[in-house]
Amino acid sequence: MKNDLIPPHTRGESIFVDDMPEPEKLLHAVVFASSIAHGKIVRLDVSEAEKSDGVCRILIAKDIPGENQIGGIIQDEELLADKVVDFIGQPVALILAETKKMAKEARTKIKVEYEELPAIFDPREAAKKGSFIAPSRTFTLGDVEAVWDKCATVVEGKADSGGQEHIYLETQSSLAIPGESGRITIYSSTQAPTVVQRITARVLGCDMNLVEVDVKRLGGAFGGKEDQATPWAAFCALGVYHTNRPVKLVLGRTDDMQMTGKRHPYSTDYKIGINEEGKILAFTADYYQNSGAAADLSTAILERTLYHATNVYYIPNVHITAYPCKTNLVPFTAFRGFGGPQGMFVMECALSNVSDRTGIPISVLQEKNLLEEGDQFPYGMVVEKSQIKRSFAKVVSDSKYEDLKRKQEEFNYQNRLTKKGIAIMPVAFGISFTNIMLNQAGALVHIYTDGSVSVSTGAVEMGQGVNMKIKTIVAHALSIDIKRIRIESTNTTRVANTSPTAASSGSDLNGKAAEIACCKIIERLKTVASDHLGGGLITIKDEIICSDGKEADITWEELIWLAYTKRVNLSAQALYATPRIYFDKTKEKGKPFSYHAYGTAVTEVTVDCLRGTYVVDKVHIVHDAGKSLNYLIDLGQTEGGLLQGIGWMTMEELLYDNGRLLSSALATYKVPDLHFTPKIEVTFLEDAENPEAVMKSKGIGEPPFMYGIGTYFALKSAAQAFRKDKKWIYESPLTPERILLFLHEVDNSE
Ligand code: LUZ
Ligand code: MOS
């Protein structure tokens, strides 16, 4: 049987961590978490709970043999709270029992007394009190102070964006199994197998080579399993350490929503100045990031907000500062776009505000200020091979934007209670990890004696199709039938020191590593063939082996067997490290990205002005996917990213009551569904080969998310068609409730 190309997903056969056959003597783990936002642990009593039916062990901070520390960039987060709790949902104890039900029952019997401490939930309040995760960062270009006087219009404002729950279909899951002599094998639903390995070894106080992490696939991640899959895996390993029995921990949906981090909410003050012609001369902003109670990836996310603060626009004078504000909420984490969307939202708010003040249509402001080749971003990178003007012009013409706009104005004139709106959203997203070190990937390729191929890389399949893309790359590099290729699980013993599969770079990095490994083997095979065929120049194309251009009488299988008999190495390992990227943090300048992905969306909406409800009618996208590795995968990423972005901007609202998440179930936290999905039309730019990435492709994971921002401004324009007199408050998400308040609340703001 050849490797089947029909994904097992479609037959419901794909195995996720919770589907794995349960090993004998398996223990089920449940976490007991803090119920207060900030306080000292005065007394923790697990004795009653330990006597509960089916309980094997209950572990607390002092049971950690190594370091009680899971922080990555900054070591500021305990695995189990020891003396102080900093947020509601922070793990305090780990219950190991024969069944999950028994573990949950025992959880109700743990007694804890706290001495409450003052808590902060708002980033601006945190900033006032000097509560930060790390120092602020500032990017500058030109001299803003010198140009305010030269501006025809200067506008100041505030813009707030909300957090976002990942809602990966598979909740955080992990299974750890004891092996010989201290070996622990962890099956984890993580984007970052090496992070799980490193942190688990730290927590257990053992060498990394004792911890094997294996990842077959994830049921979605979206950044939520880059850092935040780690504690659950470490808990399982800790359980194995103490009991020498297998331990499984699968978070229930509510636990997952309450205990894991989300997209960072931001609150921002900005000031923007434009000249007579509508060219932006200066932009300043202070971004207050709600980082939560520990760093997690917040500082890297903060940095990406600054990288994308000016989005696709050239602004000669920029001064932007971002503050990572420490609050008593679950540490916020990576989420598709990684701080970029938050930065771009503010930029669009600023332009929208200028448009309202000056009467210049926002589309005109946008188009006038688009980056040109040779322009510099505030972080020093110079724009090369930009596809922004092309995508902008094409989507405006393909969508018949001017026509639509005119028809909408007519419609709005004729209809009192229903209003339509339209908006353009251009995007440029930098592809590479901003932490230069992470831009590397490894691959291990084996060719077996029957000619079939096994490929391991550091890439984690999470539904984004990276395995299919790597298969395509390997099939091309070896020039063989794709059916011969199998992509193995991601395993730290086969590919070591992996970077997380993140930053839209999974296929770029791991695909390139796989390609290099294949080329090494192909070179050896050519030598074997040449020796065998009398010294001619060998080419291999579609499994046909040619010597000096003439088809030779040897098949792919025969060549592989021949190489084997000649004792030639049919395996290769390779490392790829993205070239020509660097960043100098002392100057905040460099070339952090291998390249940018570009594109533009046009969004049409209709608002029911009696109810505040709305429909996103249509989104027209022209996107730059380079030379796409797989049309359907890239289309799926574009549509999915867009819809997730629309959800962030519209209906997805995290509601808290004194640090307690109220919207902690799918009944109270709504994400876009099929009925809400607009008609989506996607065109990929032609002739957009990208010389910087594997097979001239481009990363696709994150850029389309930001097209969702267009929905916010389309809704704003529709709502303003109903109510022209009132000042707009730049807050997201723009829920029907917020729209309704805008439409009908008496204005007492000015
Ligand atoms: N993760 C990360 C990311 O660790 N560094 C990044 O720069 C990044 N960018 C986007 C998404 N995830
Ligand atoms: Mo990241 S937001 O895990 O690409």
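The values are calculated or read from the model by the stated rules, or taken from the named source; none is laboratory data. Just so it is clear, the model here is predicted, and its values are computed rather than measured. Here the Cβ positions follow ideal geometry from the backbone for every residue, glycine too, while neighbour counts run over all protein chains shown. Only protein heavy atoms, including side chains, enter the accessible area calculation; ligands, DNA and RNA are left aside. Shrake-Rupley method; radii C 1.70, N 1.55, O 1.52, S 1.80 Å.
Positive contributions from Lys and Arg (+1) and negative ones from Asp and Glu (-1), summed over other residues with Cβ under 12 Å from the Cβ of residue 379, come out at +3.
Please compute the net charge surrounding residue 734, taking Lys and Arg as +1 and Asp and Glu as -1 over other residues with Cβ under 12 Å from its Cβ. If you can, show how the numbers build up before the last one.
On the way: positive: 716, 738; negative: 160, 652, 653, 731, 737.
Charge balance near residue 734 sits at -3.
What is the packing order of peptides 681-691, 548-558, taking the mean over residues of other C-beta atoms within 10 Å and listing the highest first?
Working: 681-691: 15.8, 548-558: 13.5.
Top of the packing list down: 681-691, 548-558.
By average Cβ neighbour count within 10 Å, what is the ranking of 46-55, 211-220, 628-637 from highest down? Walk me through the intermediate numbers first.
Working: 46-55: 15.8, 211-220: 22.4, 628-637: 18.8.
The densest-packed peptide leads the list: 211-220, 628-637, 46-55.
Please report the carbon-and-sulfur percent of the accessible area for the chain; probe 1.4 Å, protein heavy atoms only, DNA, RNA and ligands left out. All intermediate terms of the calculation are to be shown ahead of the outcome.
On the way: 15010 of 29480 Å².
Its accessible area is 51 percent carbon and sulfur atoms.
Close amide H partners of residue 27, meaning residues 5 or more places away or on another chain with modelled amide H under 5 Å apart, are 247, 248.
Centre-to-centre separation between the Cα atoms of segment 616-657 and those of segment 398-412: 23 Å.
Which number do you get for Rg(Cα) / (2.2 N^0.38 Å) in segment 102-227?
Compactness ratio reported: 1.70.
Evaluated over the Cα positions of the chain, the convex hull gives a direction-averaged projected area, one quarter of its surface, of 34.6 nm². Most tightly packed first, judged by the mean number of other beta-carbon atoms within 10 Å of their residues, the peptides 162-171, 484-493 read 162-171, 484-493. Heavy-atom accessible surface of the chain, averaged per residue, reaches 39 Å², computed with a 1.4 Å probe. Other residues whose C-beta falls under 10 angstrom from the C-beta of residue 664 contribute a net charge of -1, scoring Lys and Arg +1 and Asp and Glu -1. Remark: segment 103-110, residue by residue, has Karplus-estimated 3J(HN,Hα) of 5, 5, 4, 5, 4, 6, 9, 6 Hz, where x stands for each Gly or Pro and the curve is 6.51 cos²θ - 1.76 cosθ + 1.60 at θ = phi - 60°.
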